[in-house]
Amino acid sequence: MKRTVRRPELRRIVPLADTTIYEMEQRGEFPRRFYLTPRCAAWDLDEVEAWLEARRRTSEVPTGPDVKLRRSRPMRTSQG
């Protein structure tokens with residue numbers, strides 16, 4: 001039996017802002033919502049859990065800026 005989740009439960013499972021989820025859906029990077037009624041959106045829980053598992057696997061590879069390439073700036077001192 002397929003289980004669906006509505007926004008409040010989705011937010012507990014995936015702690016991202018609504019706009020972030022919406023933007024990721026539009027880019028095809030997050031499972032798409034579907035509508036049970038014109039005002040009631042839901043997500044397939046299996047799809048959300050599969051997305052989370054894929055994120056876990058890809059997060060094992062460190063991504064982001066290389067902190068060794070940072071340039072330092074002199075500290076500002078307060079004048080007074």
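The values are calculated or read from the model by the stated rules, or taken from the named source; none is laboratory data. For clarity, every value in this text was computed on a predicted model and none was experimentally measured. Cβ: placed from backbone, ideal geometry, glycine included. Neighbour counts: every protein chain shown.
Restricting attention to the stretch 1-31, the residues that are part of a helix (DSSP H, G or I) and either among the acidic types (Asp, Glu) or in contact (Cβ under 8 Å) with a residue 40 or more places away in the chain (or both) add up to 4. Contact annotation: residue pairs with Cβ atoms under 8 Å, 6 or more positions apart or on different chains, pairing a residue in the stretch 32-49 that is assigned to a loop (DSSP other than H, G, I, E, B) with a partner that is charged (D, E, K, R), are 32/25; 33/25. For the stretch 54-74, the count of residues that are of a type in the set (Ser, Thr, Tyr) and modelled with pLDDT of 95 or more is zero. Select from the stretch 1-54 the residues that are surrounded by 14 or more Cβ atoms within 10 Å (Cβ to Cβ) and among the aromatic types (Phe, Trp, Tyr) and list them in ascending order. Of everything in the stretch 1-54, those that are surrounded by 14 or more Cβ atoms within 10 Å (Cβ to Cβ) and among the aromatic types (Phe, Trp, Tyr) turn out to be 30, 43, 51.
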